[in-house]
Amino acid sequence: MNVAVAFAVGFLAVRVVAAAGRDFLAAETLQRRNYRDRLVPTGGGVLLAVGLVIIEGGRVVLGAFDVGNETGLTEARALVLVAVLGFALLGFIDDVAVHQTASGFRGHLQALTKGELTTGGLKLAGGGLLALVLAAPGAAGDLDRLVLDGLLIALAANLGNLFDRAPGRAMKVGLLAWVPLLIANGTNAVGVALAPLMGSVVGLAPDDLRERIMLGDAGANALGATLGVGALLTLDPTGRTIAVVVLAALNLAAEVFSFSRFIARVPPLRLLDELGRSRDPES
């Protein structure tokens, strides 16, 4: 399966899953008020995880019949699958939680120091540990490398969530971040592993932009973490260290000022941010 085919399969898979999951998304427990005070199903990003499971399951079955150029699960595909499933699960738990006793990175950390495990704290702690698991195969027992590579994935996941403040924004940022990874990897194993999820992101974008679903932490965290895995598999050690510094700076900056306000003040960014939305989001 080449990159273009994998991307197209991801697009089609999520459209099928979204159509089949209408009753699931209509559940009362998923309804949340968005930034325009409209009731919209949250956690829609879980559809990305379901679609990827279907795709990888189909790939493995077809491979068993010697169909395709890969008969098994490559390391890159396995890492992407674990990243999407794990971070989508942690994000979905946070999405559906009714009561929140803390908010923000500092708020959840403060709660943890008091022995209180908020859903956001569970997402942070669980995401950090999962990031270390994903980084372990390439660390080769090097503790410093394990920590830095784990930070790369965890910070990318959290940054994805920080951009999910308006319809389609996290998806657009994710797609822009994917472009250099696509150019760097071309049709190699990493490029093929990332393509289905990115195709699914494009496939789900109209529903997010039209406010028929909210991507939620389930989708934003999974998307960010997957791009972190892509960077991990693409960059050399120096490049990964630089990426960690940049991601850390952006995460810390979000604690000080609003990305939404910054985007609104820069016309080109504002135009890109609003692209695809309409005044009548259900049209």
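Values quoted throughout were computed directly from the atomic coordinates according to the rules given, and no laboratory measurement underlies them. Owing to the predicted nature of the structure, the values given are computational and were not obtained by experimental measurement. As a convention, Cβ positions derive from the backbone with ideal geometry for all residues, glycine included, and neighbour counts pool all protein chains shown.
Brief remarks follow.
- Overall size of the stretch 3-274 from C-alpha positions, given as principal axis extents largest first: 51, 45, 41 Å.
- Residue ranges 9-17, 138-146, 156-164 sort as 156-164, 9-17, 138-146 when ordered by packing (mean number of other C-beta atoms within 10 Å per residue, highest first).
- For the stretch 132-170, the residues whose amide N sits under 18 Å from a probe point set 7 Å from the Cα of residue 246 along the beta carbon direction are 148-163, 170.
- Placing pseudo-labels 7 Å out from each Cα toward the beta carbon at residue 113 and residue 189 gives an inter-label distance of 4.3 nm.
- Centroid-to-centroid separation of the stretch 242-276 and the stretch 135-187 [C-alpha atoms, Å]: 16 Å
- Note, ³J(HN,Hα) from phi for the stretch 227-242, Karplus 6.51, -1.76, 1.60, rounded to Hz, x at Gly and Pro: 5, x, 4, x, 5, 4, 7, 9, 8, 7, x, 5, x, 5, 5, 4
- Distances between placed amide hydrogens fall under 5 Å for residue 32 paired with 40, 42, all partners being 5 or more residues away or on another chain.
- Charge dipole magnitude, Cβ of K and R +1, D and E -1 - the chain, Cα centre, debye nearest 20: 760 debye
- 5 angstrom amide H check on residue 164, placed H, neighbours 5+ away: none
- For the stretch 140-224, a crude dipole built from +1 on the beta carbon of Lys and Arg and -1 on the beta carbon of Asp and Glu, taken about the Cα centre, is about 280 debye to the nearest 20.
- Relative packing of peptides 31-39, 231-239, 48-56 - highest average C-beta neighbours within 10 Å first: 48-56, 231-239, 31-39
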